[in-house]
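The block underneath contains the structure these notes are about, expressed in structure tokens.
What follows is calculated from the coordinates using simple rules that are stated; it is not laboratory data. On a predicted model such as this, the values are computed, not experimentally measured, just so you know. Glycine also receives a Cβ, built like all others from the backbone with ideal geometry; neighbour counts cover every protein chain displayed.
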Amino acid sequence: MEDSKKLKGKDLINIGIFTAIYFVVTLVFAMLGFIPVFMPLMAVFDPLFGGIVFMLFLTKVKKPGMILIMSILMGILMWLTGMSFYALVVGIVTGLIAELIYKSGDYKSSKKAVFTHAVFCLWIWSNYLPLFLQPEKYWSTRQQFGEEYINTLTKIMQIWMCPVLFLVCFLFGILGGLLGLKLLKKHFAKAGIV
């Protein structure tokens with residue numbers, strides 16, 4: 001691999017900074033989940049507003065591995081903050097696919113940048129998987145939320161919601177990418193992304 005394609009300290013710092021900012025955005029919208037009817041809105045707001053942060057990050061991405069590392073870090077952070085390992089597993093897959101999409105545009109295509117964000121943020125959807133795949137185990141560790149909360153969220157999170165939330169997350173990932181692209185037009189021009 002060419003030396004110019006290897007990740008350097010500055011690249012790792014950018015990954016760290018943007019991962020931290022994206023994580024804070026995620027936490028803000030995760031707080032909505034304390035009200036059960038708002039839990040599904042994380043699949044709307046996180047991709048939408050996280051898109052601004054992620055699109056700015058993409059103006060710094062010129063080497064392979066940066067998107068994948070950020071995706072893995074987000075999965076690890078979700079796991080460490082009490083979500084399941086699904087965010088890490090899905091994050092590895094979606095991070096790799098997002099990496100390949102952005103690389104296929106030679107890190108200069110704004111259209112591929114938007115699609116990259118839509119795929120990248122599907123790790124957000126994976127946070128819902130324990131509710132669908134292992135509800136008993138999930139709720140056994142969250143009894144402190146109370147019976148009313150658990151019953152309400154169980155009624156909302158029926159199995160048919162799983163593909164709906166996947167689609168919503170992807171679509172709002174596109175909208176978030178477009179929003180980021182519009183708000184950061186000058187940064188994209190400066191980075192040579194068209």
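In a GNM of the chain with a 10 Å cut-off on Cα contacts, which of Met161, Met78, Met66 has the highest mean-square fluctuation?
Of the options given, Met161 has the highest mean-square fluctuation.
Given a 10 angstrom Cα cut-off, can you work out which residue in Asn127, Asn151, Asn14 is the most mobile in a GNM of the chain?
Asn151
Let's test this: bin the Cα-Cα distances of segment 1-80 at 5 Å from zero up to the farthest pair and state each bin's percent.
That works out to 3, 14, 23, 22, 15, 10, 6, 4, 2, 1, 0, in percent per bin.
Could you work out how far the C-alpha centroid of segment 1-43 sits from that of segment 108-141, in angstrom?
Segment 1-43 and segment 108-141 have Cα centres separated by 13 Å.
Give the peptides 21-28, 58-65, 116-123 in descending order of average Cβ contacts within 10 Å, highest first. Walk me through the intermediate numbers first.
Details: 21-28: 17.1, 58-65: 19.6, 116-123: 27.1.
With the highest mean Cβ count within 10 Å placed first, the list reads 116-123, 58-65, 21-28.
Which entry in [x] 1.05; [y] 1.20; [z] 0.94 is this structure's computed Cα Rg over 2.2 N^0.38 Å?
[x]
Pick from Phe166, Phe49, Phe34: which is most flexible by mean-square fluctuation in a GNM of the chain where alpha carbon atoms under 10 Å apart are linked?
Looking only at Phe166, Phe49, Phe34, the biggest GNM fluctuation is shown by Phe34.
Starting from the Cα of Leu175, move 7 Å in the Cα-to-Cβ direction to define the label point; list residues of segment 117-144 whose amide nitrogen is under 20 Å from there.
117-128
Counting alpha carbon pairs within less than 8 Å and at least 6 residues apart, what relative contact order, in whole percent, applies to the chain?
On the way: 274 pairs, mean separation 56.7, N = 194.
The normalised contact order for the chain reaches 29 percent.
Looking at this model, which pairs from Lys60/Lys112; Lys10/Lys112; Lys63/Lys190; Lys62/Lys186; Lys111/Lys186 are more than 21 angstrom apart at the alpha-carbon?
Lys10/Lys112
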